[in-house]
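The values are calculated or read from the model by the stated rules, or taken from the named source; none is laboratory data. Everything numeric here is computed off the predicted structure, so don't read it as measured data. Here the Cβ positions follow ideal geometry from the backbone for every residue, glycine too, while neighbour counts run over all protein chains shown.
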Amino acid sequence: MRLLRHVRPYWRMFAGSLLAMAITAAAEPAVPAIFKPLLDGSFVHKDMQSIRLIPLLMIALFLVRGAADFASTYGLSWIGSQLVQDLRSAMFERLIAMPTRFYDDSSTGNLIANVVFNVTQVTQSATGAITLLVRDTLAIAGLLGWLIWLNWKLTLIIIAIAPLAIFVIRSVSRRLREINRDAQRNLGAIAHVVEESVGAHKVVKIFGGQPYERRRFSAAVNQDRKLYMKAVSAASANGPVVQLVAAIGVALVVYIATRQALNGELTVGGFVSYMVAMLMIFGPIKRLTGINEQLQRGLAAAEVVFNLMDTAPETDTGTVRLGRAHGRLEFHDVSLCYPEKTAPALDHITLDIQPGETLALVGASGSGKTSLVNLIPRFYHPSDGHILLDGHDLSDVRLDSLRANIALVSQDVILFNDTIAANIAYGQQIRADERDILRAAEAAHALEFIRAMPAGLNTLVGENGVKLSGGERQRIAIARALLKDAPVLILDEATSALDNESERHVQAALDTLMQGRTTLVIAHRLSTIENADRIAVMQHGRIVEIGRHDELLALQGVYAQLHRMQFHEPGH
């Protein structure tokens, strides 16, 4: 029923398709109906009018039937393609609006399978099922009406066996639904294995992981094969059992009909017409018994699709629209607990960052540095406490307004399979003038290598910038942040994975980027943050030390110890 709501915009095409199906179904009983006057009038009574008229009627009948069949098939296929487009668009809209926690808990392969495969399963099953339900149900009704009109006594036999066939169909339904639900989940598992193996192909090759990946993939596809065969087994057993029940009914009908013919109760034309109609009725019945498998597969896929669409998107309760922020950030007794962890990621953080100040965050892995900066663009929400930007609680600020004031450059640079220009002018900057893009590239120390490329700014960077070096990707990301010109800047270990030469270029670009901005720097190499206005040292979700580089060294505390370890200074 929910799928029909998505059909509503196309109700005219849907109504036309249903009308065409009704015409196709109405033509079904007309075929055996022609046989009665054909045989009785032409062969028995030698009626010349019947001899001339009936062949023309047969041609006209099949012309109308063929045209109606084409119209219904085309119409429903058109609606199905529209539904695929609409549902995919709706799912993608929901996906990109999901909170960060959703992606933490979801498999990328499953999400891809939902958008790419499961939607088509829903629409194909739905349009196929509607075609069979409407056309074949009407055809059965028409043929059954003709059978009753010809000989109601014989038809009672056919009606008597229907409940038994229905019982067989219903007994298979639950089994097929359960199998197809498992099959939909397993399809996501296959996509997940492929996505991981392809994405990590270098690690797979270096560490000899091919046998392990083959086993993972083989297990997933073998499970898919088993589930498929279970569905085939259930569906295949369904058809023959129904047909056996029908064959018993046919045998009884033939026996009684021949007895009636011997007694003169049934003419030759009437008998042939009855037998043709009875044989024709088994085609739609057989297709309707097969619809169950198709319908259950579609319902299982629909559960997955609509569960995703029903998942709550990222909440935005903010009402305050900021212009360009000054950049003052205040953390008041902020704590953060992840659902899967017992210890808090952040434990009562209080911090005041002035506009234009550079604050470096240092500490061991897992100390809470990334968790702290992830709260600023509201990727996560504090479990306790408040964060203010220019005096406004972040929860009161509209998400689009908040994030328009923030730029991010991380260690894992994300580039899209597009041109360099499109990557620099990504998102809201897509309409940026080429001169502005060039200025941003120049300030990011990227213009030299961009000009060395044959297509310059129009060079395609490949998937996630695979055609560029690490330093070049980093400078493209810095140029993107420069073009955005946001007052708050987050640098998440932006130079930790670079060689010395690349780091020199990137650090020079970062120095340009940081000028006049409130900057939070997550640093791995302490040499890169010695000139920061303040350095906050984090341990177990708390700030244990804060001050300038020389002040912290003089304290001979945690920072001094980290500095000695990194620069191999002798202990004091």
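Residues that are within 12 Å of MET278 (Cα to Cα), touching a residue at least 40 places away in the same chain (Cβ under 8 Å) and among the polar types (S, T, N, Q): does segment 142-154 have at least one?
Filtering segment 142-154 for residues within 12 Å of MET278 (Cα to Cα) gives 142-148, 150-151, 154.
Imposing the further condition that a residue be touching a residue at least 40 places away in the same chain (Cβ under 8 Å) reduces the set to 142-147, 150-151, 154.
Now drop any that are not among the polar types (S, T, N, Q), which leaves 151.
Yes: segment 142-154 contains one or more residues that are within 12 Å of MET278 (Cα to Cα), touching a residue at least 40 places away in the same chain (Cβ under 8 Å) and among the polar types (S, T, N, Q).
Within segment 403-420, how many residues are of a type in the set (A, V, I, L, M, F, W, C), more than 19 Å from ARG324 (Cα to Cα) and not in a helix (DSSP H, G or I)?
Filtering segment 403-420 for residues of a type in the set (A, V, I, L, M, F, W, C) gives 404, 406-409, 413-416, 420.
Keeping just the survivors that are more than 19 Å from ARG324 (Cα to Cα) gives 409, 413-416, 420.
Next, only the ones that are not in a helix (DSSP H, G or I) stay: 409, 413-416.
Residues that pass the stated criteria total 5.
Do we find a residue being under 27 Å from LYS369 (Cβ atoms), modelled with pLDDT of 90 or more and among the charged types (D, E, K, R) anywhere in segment 469-479?
no
How many of the residues making up segment 328-354 are assigned to a strand (DSSP E or B), surrounded by 14 or more Cβ atoms within 10 Å (Cβ to Cβ) and either in contact with a Pro (Cβ under 6 Å, 6 or more places away or on another chain) or charged (D, E, K, R) (or both)? Let's see the steps before the verdict.
Keep residues of segment 328-354 that are assigned to a strand (DSSP E or B), which gives 329-336, 346-353.
With the extra rule that they be surrounded by 14 or more Cβ atoms within 10 Å (Cβ to Cβ), the set shrinks to 329-332, 334-336, 346-349, 351, 353.
With either in contact with a Pro (Cβ under 6 Å, 6 or more places away or on another chain) or charged (D, E, K, R) (or both) added as a condition, the list becomes 330, 334-336, 347.
The number of residues fulfilling the criteria is 5.
Residue-by-condition table, conditions (1) modelled with pLDDT of 90 or more; (2) part of a loop (DSSP other than H, G, I, E, B):
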position	(1), (2)
GLU265	no, yes
VAL272	no, no
ILE281	no, no
LEU288	no, no
ALA302	no, no
MET309	no, no
HIS326	yes, yes
SER371	yes, no
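When you go through (1) modelled with pLDDT under 70; (2) under 23 Å from the mean Cα position of the chain (by Cα) one by one for ILE166, which number turns out not to apply?
(2)
Taking segment 523-548, which residues are out of contact with any His (no Cβ under 8 Å at 6 or more places or on another chain), assigned to a strand (DSSP E or B) and more than 18 Å from GLY356 (Cα to Cα)? I'd like the intermediate steps shown before the answer.
Let us first name the residues in segment 523-548 that are out of contact with any His (no Cβ under 8 Å at 6 or more places or on another chain), namely 523-525, 527-528, 533-534, 536-541, 543-548.
Checking which are assigned to a strand (DSSP E or B) leaves us with 534, 536-539, 543-547.
VAL537, MET538, GLN539, ILE543, VAL544, GLU545 - these are the residues of segment 523-548 that are out of contact with any His (no Cβ under 8 Å at 6 or more places or on another chain), assigned to a strand (DSSP E or B) and more than 18 Å from GLY356 (Cα to Cα).
Hey, can you tell me all the residues within segment 182-203 that are β-branched (Val, Ile, Thr) and either at pLDDT 75 or above or crowded, with 18+ Cβ neighbours inside 10 Å (or both)? Break it down into steps so the answer makes sense when it comes.
As a first pass, look at segment 182-203 and keep what is β-branched (Val, Ile, Thr): 190, 193-194, 198, 203.
Within segment 182-203, ILE190, VAL193, VAL194 meet the criteria.
Picking from ASP436, ASP412, ASP418, ASP396, which residue would you name as being surrounded by fewer than 18 Cβ atoms within 10 Å (Cβ to Cβ) and free of Cβ contacts under 8 Å to residues at least 12 places away in the same chain?
On the way: ASP436 fails: free of Cβ contacts under 8 Å to residues at least 12 places away in the same chain; ASP418 fails: free of Cβ contacts under 8 Å to residues at least 12 places away in the same chain; ASP396 fails: free of Cβ contacts under 8 Å to residues at least 12 places away in the same chain.
None of the other options fit; the residue is ASP412.
Pick from segment 318-327 the residues that are small (Gly, Ala, Ser) and in contact with a Lys or Arg (Cβ under 7 Å, 6 or more places away or on another chain): which of them is surrounded by the fewest Cβ atoms within 10 Å (Cβ to Cβ)?
Filtering segment 318-327 for residues small (Gly, Ala, Ser) gives 318, 323, 325, 327.
Then drop every residue that is not in contact with a Lys or Arg (Cβ under 7 Å, 6 or more places away or on another chain), which leaves 318, 327.
Working: GLY318: 19, GLY327: 22.
Applying the filter and picking the extreme gives GLY318.
Taking into account only those residues within segment 455-475 that are within 29 Å of the chain's Cα centre (by Cα) and hydrophobic (A, V, I, L, M, F, W, C), which is surrounded by the most Cβ atoms within 10 Å (Cβ to Cβ)?
Taking segment 455-475 as the starting set, the residues that turn out to be within 29 Å of the chain's Cα centre (by Cα) are 460-467, 473.
Subset that is hydrophobic (A, V, I, L, M, F, W, C): 460-461, 466.
Numbers: LEU460: 14, VAL461: 21, VAL466: 10.
Residue satisfying both the conditions and the ranking: VAL461.
Those residues that are in contact (Cβ under 8 Å) with a residue 12 or more places away in the chain and farther than 27 Å from ALA160 by Cα, I need them from segment 218-252; list them, please. Show your work before the answer.
Restricting attention to segment 218-252, the residues satisfying the condition of being in contact (Cβ under 8 Å) with a residue 12 or more places away in the chain are 220-221, 223-224, 227-228, 230-231, 234-235, 237-239, 241-243, 245-246, 248-250, 252.
Across segment 218-252, the qualifying residues are ALA220, VAL221, GLN223, ASP224, LEU227, TYR228, LYS230, ALA231.
How many residues are in a loop (DSSP other than H, G, I, E, B) and without any contact (Cβ under 8 Å) to a residue 12 or more places away in the chain when one looks only at segment 421-433?
Residues of segment 421-433 that are in a loop (DSSP other than H, G, I, E, B), as a first pass: 425-426, 430-433.
From the residues that got through so far, the ones that are without any contact (Cβ under 8 Å) to a residue 12 or more places away in the chain too are 430-431, 433.
Residues that pass the stated criteria total 3.
Look through VAL320, VAL305, VAL276, VAL272 and report the one residue that is in contact with a His (Cβ under 7 Å, 6 or more places away or on another chain) and aliphatic (A, V, I, L, M).
Values: VAL305 fails: in contact with a His (Cβ under 7 Å, 6 or more places away or on another chain); VAL276 fails: in contact with a His (Cβ under 7 Å, 6 or more places away or on another chain); VAL272 fails: in contact with a His (Cβ under 7 Å, 6 or more places away or on another chain).
None of the others qualify; the one that does is VAL320.
Right, ILE179: modelled with pLDDT of 75 or more, touching a Lys or Arg at 6+ places or on another chain (Cβ under 7 Å), surrounded by 14 or more Cβ atoms within 10 Å (Cβ to Cβ) and part of a helix (DSSP H, G or I) or not? Explain how you work it out, then say what you get.
Details: modelled with pLDDT of 75 or more: yes; touching a Lys or Arg at 6+ places or on another chain (Cβ under 7 Å): yes; surrounded by 14 or more Cβ atoms within 10 Å (Cβ to Cβ): yes; part of a helix (DSSP H, G or I): yes.
The answer is yes for ILE179.
Could you say which residue among THR419, THR358, THR370 is of a type in the set (Ser, Thr, Tyr) and within 22 Å of CYS337 (Cα to Cα)? Before the answer, list the steps.
Working: THR419 fails: within 22 Å of CYS337 (Cα to Cα); THR358 fails: within 22 Å of CYS337 (Cα to Cα).
Being of a type in the set (Ser, Thr, Tyr) and within 22 Å of CYS337 (Cα to Cα) holds for just one of THR419, THR358, THR370, which is THR370.
Does ARG214 meet the test of being in a helix (DSSP H, G or I), surrounded by fewer than 16 Cβ atoms within 10 Å (Cβ to Cβ), within 29 Å of the chain's Cα centre (by Cα) and at pLDDT 75 or above? Lay out the reasoning, then the answer.
Numbers: in a helix (DSSP H, G or I): yes; surrounded by fewer than 16 Cβ atoms within 10 Å (Cβ to Cβ): yes; within 29 Å of the chain's Cα centre (by Cα): yes; at pLDDT 75 or above: yes.
Yes: the conditions hold for ARG214.
Out of everything in segment 379-389 that is without any contact (Cβ under 8 Å) to a residue 60 or more places away in the chain and part of a loop (DSSP other than H, G, I, E, B), what residue ends up being surrounded by the most Cβ atoms within 10 Å (Cβ to Cβ)?
First pass over segment 379-389, keeping only residues without any contact (Cβ under 8 Å) to a residue 60 or more places away in the chain: 381-387.
Okay, now just the ones that are also part of a loop (DSSP other than H, G, I, E, B), so 381-383.
Values: HIS381: 14, PRO382: 20, SER383: 13.
It comes out as PRO382.
Is segment 504-522 home to any residue that is modelled with pLDDT under 90, in a loop (DSSP other than H, G, I, E, B) and among the acidic types (Asp, Glu)? I'd like the intermediate steps shown before the answer.
Within segment 504-522, the first condition is being modelled with pLDDT under 90, and the residues that meet it are 504-516.
This time we only want the ones that are in a loop (DSSP other than H, G, I, E, B), so: 515-516.
Next, only the ones that are among the acidic types (Asp, Glu) stay: none.
No, every residue in segment 504-522 fails to be modelled with pLDDT under 90, in a loop (DSSP other than H, G, I, E, B) and among the acidic types (Asp, Glu).
Just to be sure, is GLY109 in contact with an Asp or Glu (Cβ under 7 Å, 6 or more places away or on another chain), at pLDDT below 85, at negative phi and not polar (S, T, N, Q)? Can you show your working first?
Numbers: in contact with an Asp or Glu (Cβ under 7 Å, 6 or more places away or on another chain): yes; at pLDDT below 85: yes; at negative phi: yes; not polar (S, T, N, Q): yes.
Yes: the conditions hold for GLY109.
In the list ALA247, ALA261, ALA277, which residue meets the criterion of being under 17 Å from ILE159 (Cα atoms), assigned to a helix (DSSP H, G or I) and in contact with a Phe, Trp or Tyr (Cβ under 8 Å, 6 or more places away or on another chain)? Working first, answer last.
Values: ALA247 fails: in contact with a Phe, Trp or Tyr (Cβ under 8 Å, 6 or more places away or on another chain); ALA261 fails: under 17 Å from ILE159 (Cα atoms).
Answer to the check: ALA277.
Would you list the helices (runs of 4 or more DSSP H) that sit entirely within segment 1-101 and hold 2 or more residues that are modelled with pLDDT of 80 or more?
So the answer is 11-37, 48-96.
Any idea which of ARG403, ARG431 is modelled with pLDDT of 85 or more, under 29 Å from GLY356 (Cα atoms) and within 32 Å of the chain's Cα centre (by Cα)? If you could, list the steps in order and put the result at the bottom.
Values: ARG431 fails: modelled with pLDDT of 85 or more.
Every option except ARG403 fails the conditions.
If a residue has to be among the small types (Gly, Ala, Ser), under 20 Å from LEU408 (Cα atoms) and part of a helix (DSSP H, G or I) to count, how many in segment 449-474 make the cut? Steps first, please.
Residues of segment 449-474 that are among the small types (Gly, Ala, Ser), as a first pass: 452, 455-456, 462, 465, 469-471.
Checking which are under 20 Å from LEU408 (Cα atoms) leaves us with 465, 469-471.
Restricting the remaining residues to those that are part of a helix (DSSP H, G or I) gives 465, 470-471.
Number satisfying all stated conditions: 3.
Output the residues belonging to segment 113-156 that are buried (at least 19 other Cβ atoms within 10 Å of the Cβ) and either within 17 Å of GLY270 (Cβ to Cβ) or basic (Lys, Arg) (or both).
Scanning segment 113-156 gives ARG135, LEU143, TRP146, LEU147, LEU150, ASN151, LEU154, THR155.
Answer yes or no as to whether GLY318 is farther than 30 Å from THR24 by Cβ, modelled with pLDDT of 80 or more and out of contact with any helix residue (DSSP H, G or I) (no Cβ under 7 Å at 6 or more places or on another chain).
In short, no.
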